[in-house]
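Have a look at the structure below before the remarks.
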Amino acid sequence: MSTRIDISPEKIIWAAERGGVPMDKLFDIFPKAKKWIDQVESPTVKQLEDFSKKVHVPFGFLFLKTPPLEKLPITFYRSNGTPINNPTIEIKDLVNNLKRKQDWLRDYLIENKFDSIPFVGVLKDFSSISIESAAQQIRESLGFDKTWYENTKKNKVFRFWIDQLEKNRVFVISTGFVGNNKRPISVDICKGFTLVDNYCPFIYINTNNLGGGRIFTLLHELVHIYVGKSIGIGYEPIHPSSQPLEKFCDSVASEVLVPKDFFEVSWKSYKQSPYEKISMLSGQFHVSKLVIAKKALDSDFINSSQFWDFYNSYTNQFKDKKSDSGNYWNSKPYEVSRKFYSYVDSALKSGSILPMEAYKLTNMKGNTFNNFRKKAFG
């Protein structure tokens, strides 16, 4: 006979709300929950385990006297600058998952006598630093120059930037979902975020953000590391912001990607219409058309009305479109981070961690973990 567990209706309701599951939908996906809430019947251990998986709540949480206060290490902001006080469970799980990876890696690096990263926080006094000077500091510390785009192709530029950052121990995780159950991450709440750390800063980029915004978001978040301030964004970084820090991060990211002096010479050398110039310079500098349009606005080559006409026309192309996950082994290196995997793999080979911990850190099972070594570095 199965053992049944007394659990209060409030716990069931709290668990459903935490998982973002409305009561009517809860009863559709887990009909027995209605009997538990009405106290007609108590769940078995197996039923409660199944319920916790359905609503994405850790099983142990259901036995706590009071629900835990879950506070994220970063704050997410809407496009109007107001904080998102209660992000979705997918966002919470995503941030906490990356924080666990970061905490493990930080301990591993310290134990193995790695030095801290010298450039984290060097732009903390950003209000007194010029955009050009900040961009140059980033170039010098990462080891590239203004003509970075000549060293890659446009269809490989995202991989180029990730490799450039990870060579300098900035870890980039890029995916559009959380967990093996592929719960999607909403771009309205999270296009990207940064977890600043002196040993292993992490950047997350949401691949559901279409239209070429990933690279600019990546550089925007990189500037946050140099400033030393973690943040989560639920708005388009290239969208003009009134917040001083966000304006600074936007401007520096733009200057790193498209140096102003090079841009102005190129813009003036073309005789086509502004919209044609935007398209041509997008190809030249290996960035999205939005980045070029914003650069043209900041350089007074187009006015605000022209920018917004272009912005609205361009972004409308990608509404209701969904990201194509593509080939498994094409997307897996972005989801895991090849650099992060290399540290986990080294720890496993040295006996510092057990296989199960390595699999949990990389969200992979044994065969996939071993195949990653062969497939992702080809």
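The figures follow:
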quantity: Qualifying lysines (Cα of each under 19 Å from Cα of K54; at least 8 residues distant if same chain); calculated: K11, K25, K32, K34, K35, K46, K92, K182
quantity: Dipole of the chain, positive direction: furthest Cα of S127, F307, Y149, with charges on the beta-carbon; calculated: Y149
quantity: Accessible area in square angstrom per residue, the chain, 1.4 angstrom probe; calculated: 50 Å²
quantity: Helix 274-285 axis, angle to the chain major axis (alpha carbon atoms, nearest 10°); calculated: 80 degrees
quantity: Potential lengthening between K65 and K124 on full extension [0.36 nm per residue; Cα-Cα distance subtracted]; calculated: 17.0 nm
quantity: Antiparallel DSSP beta bridges within the chain, percent to nearest 5; calculated: 60 percent
quantity: Environment charge of F372, counting only residues whose C-beta is closer than 12 Å and scoring Lys/Arg +1, Asp/Glu -1; calculated: +4
quantity: Accessible surface of the chain, 1.4 Å probe, proportion on carbon and sulfur as whole %; calculated: 49 percent
quantity: With Cα atoms, 0 to 90° folded angle of helix 244-257 axis to the chain main axis; calculated: 60 degrees
quantity: In nm, spacing of pseudo-spin labels at V265 and R100 (7 Å Cα→C-beta vector); calculated: 5.1 nm
quantity: Computed E for S346/K54 - FRET, C-beta separation, R0 41 angstrom, nearest 0.05; calculated: 0.65
quantity: C-alpha long axis of helix 338-350 to longest principal axis of the chain, angle in °; calculated: 50 degrees
quantity: Radius 11 Å from Cβ of I131, net charge of other residues (Lys, Arg +1; Asp, Glu -1); calculated: -2
quantity: Gain on full stretching of the segment that runs from K167 to T44 - 0.36 nm per residue minus C-alpha separation; calculated: 39.2 nm
quantity: The chain - convex hull of alpha carbons, volume per residue in Å³; calculated: 169 Å³
quantity: G192 long-range amide H proximity, modeled H, under 5 Å; calculated: N206, I233
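The values are calculated or read from the model by the stated rules, or taken from the named source; none is laboratory data. Note that this is a predicted model, so its numbers are computed, not measured. With ideal geometry, Cβ positions are generated from the backbone for all residues, glycine too; neighbour counts draw on all protein chains shown. The area values use the complete protein model at the heavy-atom level, side chains included, leaving out ligands, DNA and RNA. Shrake-Rupley method; radii C 1.70, N 1.55, O 1.52, S 1.80 Å.
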